[in-house]
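Everything below concerns the one structure shown next.
The values are calculated or read from the model by the stated rules, or taken from the named source; none is laboratory data. Bear in mind that the values here come from a model prediction, so they are computed numbers and not experimental data. Here the Cβ is made from the backbone with ideal geometry for all residues, glycine too, and neighbour counts use every protein chain on show.
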Amino acid sequence: MKIALAQINTTVGAFVANAAKVRQYAIRAASQGAKLVVFPELTLTGYPPLDLLDRPAFVARNLSALDDLVCFSATIDAALLVGFVAENPDDFGKPLYNAVALLEGGELRAIRYKTLLPTYDVFDEARHFEPAEQREIILWRGRRLGVCICEDAWNSREFWDTHLYDLDPVRELAEQGAEVIINVSASPFHRGKCALRQAMLAHHAETLGLPVILVNQVGGNDNLVFDGRSLVLNARGELVLEAQAFEEDLRFVDLADLPPPITPRSVDDIGDVHDALVLGVRDYLAKCGFRQAVIGLSGGIDSAVTAAIAVRALGRENVTGIAMPSKYSSQHSVEDAAELARNLGIAFHVIPIEPSVAAMTQMLTPAFGFAPHGVTEENIQARLRGVTLMAFSNQQGAMVLTTGNKSELAVGYCTLYGDMCGGLAVISDVPKTDVYRLADYINRDKIIIPLHTITKPPSAELRPNQTDQDSLPPYDLLDAILERYIERYQSVQEIVAEGFDRSVVEQVVRLVNRNEYKRQQAAPGIKVTPKAFGRGRRVPIAAVLED
């Protein structure tokens, strides 16, 4: 039996477009002999739909799209496994199910519901969905299909040290005589996720003695990027098919004649982060109705990396860079920004902010009794740059991409309504040390980011001879502490026990805790680490956080 893995990029709420893509891929698959075409989780609604699920019209349009596909299934010689939102017919429990439907010959042949509903990190599925009460195989064309949905595969008793759920849906399906496990998924990307996901599914295949098929969503939706990498494993847990990463793909496998094992495609940690950011930027702007982006180019590495990613995502003709020097800006910073713009081939403007700074100083001095100075003066500069970029955005219809990295955002080394101003924070989940790695990756074939940008000490250039290290520990030390505190949830004492200086750790933790109010006002960012700021890290602003 030839099965097609339809790894598609869907948009939340785009029912007509999503269903059209299902028809397109189904026709292609059937024309190449596929008898079953498998699509990702929540194919018709897009994932994650979040509180759009509270809208009856949203659910109704999803069901209407499913009805249309049922009719369409009569026109091709193949069955479809399509994810959708089903209504709960009972008068108790949550009103909806996360479901998958088997469509064939103009009929809805079977529906299966998701059992394990994640509520950790970015997920909150139990908010809307009722869990399935039972797991049942699907009998189809003499086959016994063990169909499950994403998280249902993430609770093997033997693979994980700790367990969030009592049930193991995959094992239950195997015990019912399933001949194959088919997991329809919307599994978002972060560093290391690909290897973990494959290892977990390989464990299922090997311990149960069954082939496993994963069809994973691809594309960006808000702060999440889905990497695709749909796969097939044989009953020994060996990889026999792997779809493309970060792009749509259609692959085929015959269960009666599985191909020989293959070596997994090489995974480049920083290369994957780069590709995830490119896809995230491209889809975020496109799905929000934007074609163009504008970026403040300081001559520093953060704005350079952001601009290079934007060009890869949108094309050089759709990216504009603006240098906004003040009296504290060095000449080499403007020159570095101009060189970057030339290397990228983007439009570039120099708009000095000193006249507006002088006007603000004159305006505020009578009320203050003296000229603004210190942090006030620094933030006025940053905020006037934000005003300048937003003016360009309003005039040209281009989205402002902010350029702050995760290290800065973590400790509040950024200005509200200044450098935080914009529609998408591209590298806000990229630690500063990884920003340098991204720069090297971008320059792997030729120099795009000027070498001076990479080698000079980072500086906000908001006061004379300023460097980041005037206020912060060295970035390699800072990032090591942040990773332990934010991603591993280690306490000050635990971090100190690993050999870090207590005063430095306490300083970093104090800065992280006191700047939650800034992060909750930041533009959405693209998640590439296991624990990003934003929806997956919900911390109160008004709280006493003691070690």
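Here are the numbers:
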read-out: Meets criteria (more than 26 Å from Val334 (Cα to Cα) and buried (at least 18 other Cβ atoms within 10 Å of the Cβ)) for Ile481; value: yes
read-out: Tally, over segment 357-394, of residues that are within 30 Å of Gly289 (Cβ to Cβ) and over 29 Å from the mean Cα position of the chain (by Cα); value: 1
read-out: Breaking point among (1) crowded, with 24+ Cβ neighbours inside 10 Å; (2) touching a His at 6+ places or on another chain (Cβ under 9 Å), for Val319; value: (2)
read-out: Residue match in segment 167-184 (condition: polar (S, T, N, Q), surrounded by 23 or more Cβ atoms within 10 Å (Cβ to Cβ) and under 30 Å from Leu279 (Cα atoms)); value: yes
read-out: Residue match in segment 519-541 (condition: in a helix (DSSP H, G or I) and in contact (Cβ under 8 Å) with a residue 24 or more places away in the chain); value: yes
read-out: Members of segment 335-363 found to be of a type in the set (A, V, I, L, M, F, W, C), assigned to a helix (DSSP H, G or I) and under 16 Å from Ile448 (Cα atoms), listed by number; value: Ala337, Ala338, Leu340, Ala341, Leu344
read-out: Filter pass, Ala310 being among the aliphatic types (A, V, I, L, M), crowded, with 24+ Cβ neighbours inside 10 Å, assigned to a helix (DSSP H, G or I) and assigned by TED's automatic domain parsing to the domain that holds Val357; value: yes
read-out: Count of segment 75-88 residues which are within 13 Å of Pro131 (Cα to Cα) and without any contact (Cβ under 8 Å) to a residue 40 or more places away in the chain; value: 2
read-out: Residue among Arg112, Arg61, Arg135 that alone is more than 30 Å from Pro530 (Cβ to Cβ) and of a type in the set (Lys, Arg); value: Arg61
read-out: Residue selected from segment 188-211 under the condition closer than 20 Å to Ala4 by Cα and in contact (Cβ under 8 Å) with a residue 40 or more places away in the chain, by the criterion surrounded by the most Cβ atoms within 10 Å (Cβ to Cβ); value: Leu201
read-out: Count - residues of segment 247-262 that are acidic (Asp, Glu) and touching a helix residue (DSSP H, G or I) at 6+ places or on another chain (Cβ under 9 Å); value: 2
read-out: Scan of segment 411-429 for residues that are closer than 16 Å to Val319 by Cα and either of a type outside the set (A, V, I, L, M, F, W, C) or not assigned by TED's automatic domain parsing to the domain that holds Leu279 (or both), ordered by number; value: Gly422, Gly423
read-out: In segment 29-60, residue nearest to the chain's Cα centre (by Cα) [restricted to those that are surrounded by fewer than 17 Cβ atoms within 10 Å (Cβ to Cβ) and part of a helix (DSSP H, G or I)]; value: Leu50
read-out: Within segment 13-28, considering residues that are among the basic types (Lys, Arg) and farther than 15 Å from Gln217 by Cα, the one surrounded by the fewest Cβ atoms within 10 Å (Cβ to Cβ); value: Arg28
read-out: Within segment 131-211, strands (runs of 3 or more DSSP E) holding 1 or more residues that are not assigned by TED's automatic domain parsing to the domain that holds Pro48; value: none
read-out: Pairs with Cβ under 6 Å, 6+ apart, first in segment 288-313 and modelled with pLDDT under 95, second acidic (Asp, Glu); value: Gly299/Asp336
read-out: Lone qualifier among Glu516, Glu498 - being over 29 Å from the mean Cα position of the chain (by Cα) and under 22 Å from Leu545 (Cα atoms); value: Glu498
read-out: Pick from segment 63-95, criterion over 14 Å from Arg23 (Cα atoms) and among the aromatic types (Phe, Trp, Tyr), ranking: surrounded by the fewest Cβ atoms within 10 Å (Cβ to Cβ); value: Phe92
read-out: Residue match in segment 82-102 (condition: at pLDDT 95 or above and in contact with a Cys (Cβ under 8 Å, 6 or more places away or on another chain)); value: no
read-out: Any hit, segment 383-390, residues being among the charged types (D, E, K, R) and closer than 25 Å to Val508 by Cβ; value: no
read-out: Cβ pairs under 7 Å, 6+ apart, first in segment 383-410 and farther than 18 Å from Ala425 by Cβ, second not hydrophobic (A, V, I, L, M, F, W, C); value: Leu384/Ser356; Gln396/Gln292; Gly397/Gln292
read-out: Lone qualifier among Arg444, Arg463, Arg437 - being modelled with pLDDT under 95, in the same structural domain as Pro372 (by TED's automatic domain parsing) and not in a strand (DSSP E or B); value: Arg463
read-out: Top-ranked residue of segment 1-28 - restricted to ones that are of a type in the set (Gly, Ala, Ser) and not in a loop (DSSP other than H, G, I, E, B), ranked as nearest to Thr75 (Cα to Cα); value: Ala26
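Rundown of residues vs (1) part of a loop (DSSP other than H, G, I, E, B); (2) out of contact with any strand residue (DSSP E or B) (no Cβ under 6 Å at 6 or more places or on another chain); (3) in the same structural domain as Leu438 (by TED's automatic domain parsing), yes/no style:
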residue: Thr365; (1), (2), (3): no, yes, yes
residue: Pro372; (1), (2), (3): yes, yes, yes
residue: Leu389; (1), (2), (3): no, no, yes
residue: Gln395; (1), (2), (3): no, yes, yes
residue: Leu409; (1), (2), (3): no, yes, yes
